[in-house]
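Right, one structure below, let's go through it.
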Amino acid sequence: MGDETDVLVIGGGPAGLAAAIAVRKQGFDVIVADGAEPPIDKACGEGLMPDTLAALRGLGIEVDECEGYPFRGIRFLGHGTEVEANFPTGQGIGVRRPVLHQKLVEQACAAGVSFRWKTSITGLHPNGVVVGRKVLGARWIVGADGIRSRVRRWAGLEPHTLGEPRYAFRRHYCVKPWSDCMELYWGESAQAYVTPVGRHQVCIVLMSRDPTVRFPSIETHFPRLAKHLAQAASAGTERGAVTLTRRFERVYCGRVVLIGDASGTVDAITGEGLRLNFDQAKALADALKAGDLGRYQAAHRRLARRPRFMGHLMLMLDRHPELRARAMRAMAANPEVFARLLAIHVGATSPRHLATTGTLLGWRFVAT
C-alpha cells in the first residue's frame, strides 16, 4: 500500500465506510484507517427503517430478510394505551450491528477501498496525517471518528451547541419476537426500544437522562415489557453509550471534513442516525467531485432538518409526561395522525404535509 491517497477516512464505522464507498464511486483513491478491526459493534437499536434501507441500496448494499427480521411499522405503548402505524411504503429490517458492519466492509472492499485496521492516527500534517512517526499523504481528510472526534478537535471545529446528554444501554434477549412492529415503550422517565433481529432474538435499548435506569429495573419502568421477557435469557454483553443532540456551525475546515457523529448528532430516540450518515456520504462524495466542500456544508444542514425536528418532538414528549399522555390519547383516538407522523419520520411526505399534520394534531389536542 502506498504512502499517499486522494481521500483518507479516519474511522471505520458505518459513517466512515459509507463515505469511503460513495467517494470511491466518484473515482477517488480511498484509504480507511481505524484503531479497531471488523466487525465493529456499537450500542444501537439495530432497526433499519425503509428510508435507511433505500440509502443502503444507493451504496450498492442489500439487506435480506434472512439476515435479520422484518417489521412492518412502529408501535408506541404508554399511559395505558397504544398506537401503531405501518410504514407508507416498504418495511424495516432489524439486523445485528456486526452483520451490517461486515456488509459495509465487504462492499467497500469490492469498490476498491484500501484499509489500515488497527492503525492509530495521531494528528494532522500539512501533507496529510501522522501515523506513528510517518506521514500518510492525503488530499482530503474525512473525520468519521465518532461523537468524541479527535479529527474535529485537531481541525479547530470544536465549538458547538450541546443538548442534554442521555444514556442508552443495549441488550439482546433470546425470545421469539411477539410483534411485527418496532415497539417504543414510554415510561415516566425513560424509553425502551424493542426491535426484532431474528426469529428467536430481540434487541432492547433503554434510554433515559438517568444513568441508573438499567435492565434490572425493567419491571419497575416497563412492567408490560417485563412480562414478555419473564422467561427470556439475555444474550451477549450489555453495551452502553451516550446520546445527545449536537450541532456544529461548520463541518469542514480547509481539506478536513466531518461526517457521521463527528459532524453532529441527533438523539437516538429518532432511530435515524444511520440513514443520516448514509445520505451525508452521498452528499460528501458529490462535493468532493466538484471540489467544493461548501456544497457539503449546505447539504449537511439540509439533511439534518427532518431528524432534528422529529427528535425535538419526541424529546418534548419525554420531558413532559402530561403532554405525552394527551398526545398518546389523541393519536390512539385518531390513528391517521400517527400514520402521518410516521410518514414524515421516514421521509415519505413533503414539508407541506408536515404543516397540515401539525394543525391536525393541534385540533386533536383541543378535542381530548
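The values are calculated or read from the model by the stated rules, or taken from the named source; none is laboratory data. Keep in mind it's a predicted model, so treat the numbers as computed, not measured. Every residue, glycine among them, receives a Cβ derived from its backbone with ideal geometry; neighbour counts consider all protein chains shown.
Structure values in brief
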item: Region 55-76, residues that are among the hydrophobic types (A, V, I, L, M, F, W, C), modelled with pLDDT of 95 or more and out of contact with any Cys (no Cβ under 7 Å at 6 or more places or on another chain); result: A55, L56, L59, I61, V63, F76
item: Set I40, I74: member being under 19 Å from the mean Cα position of the chain (by Cα), buried (at least 17 other Cβ atoms within 10 Å of the Cβ) and not in a loop (DSSP other than H, G, I, E, B); result: I74
item: Residues located in region 306-329, provided they are crowded, with 21+ Cβ neighbours inside 10 Å and without any contact (Cβ under 8 Å) to a residue 40 or more places away in the chain; result: A327
item: Count - residues of region 89-118 that are farther than 30 Å from R171 by Cβ, at pLDDT 95 or above and of a type in the set (V, I, T); result: 1
item: The listed residue being out of contact with any Ser or Thr (no Cβ under 9 Å at 6 or more places or on another chain), within 22 Å of I93 (Cβ to Cβ), free of Cβ contacts under 8 Å to residues at least 12 places away in the same chain and not basic (K, R), out of E67, E62; result: E62
item: Search result, residues across region 159-208 that are touching an Asp or Glu at 6+ places or on another chain (Cβ under 7 Å) and β-branched (V, I, T); result: V194, T195, V197
item: Hits in region 284-296 - residues which are assigned to a helix (DSSP H, G or I) and either surrounded by fewer than 19 Cβ atoms within 10 Å (Cβ to Cβ) or touching a Ser or Thr at 6+ places or on another chain (Cβ under 6 Å) (or both); result: D286, K289, A290, G294, R295
item: Whichever residue in region 127-152 is within 28 Å of the chain's Cα centre (by Cα) and charged (D, E, K, R) and, among such residues, is nearest to Q297 (Cα to Cα); result: R152
item: Qualifying residues in region 178-224 (those that are hydrophobic (A, V, I, L, M, F, W, C) and surrounded by fewer than 19 Cβ atoms within 10 Å (Cβ to Cβ)) - the one farthest from V95 (Cα to Cα); result: F215
item: Matching strands (runs of 3 or more DSSP E) fully within region 171-255 where at least 2 residues are at pLDDT below 95 and of a type in the set (S, T, N, Q); result: 233-243
item: Flag for G143 being touching a residue at least 24 places away in the same chain (Cβ under 8 Å), farther than 30 Å from A327 by Cα and small (G, A, S); result: yes
item: Qualifying residue in region 108-117 (condition: in the same structural domain as D267 (by TED's automatic domain parsing), out of contact with any helix residue (DSSP H, G or I) (no Cβ under 8 Å at 6 or more places or on another chain) and part of a helix (DSSP H, G or I)); result: yes
item: In region 10-29, residue surrounded by the most Cβ atoms within 10 Å (Cβ to Cβ) [restricted to those that are in contact with a Leu (Cβ under 8 Å, 6 or more places away or on another chain) and of a type outside the set (G, A, S)]; result: L17
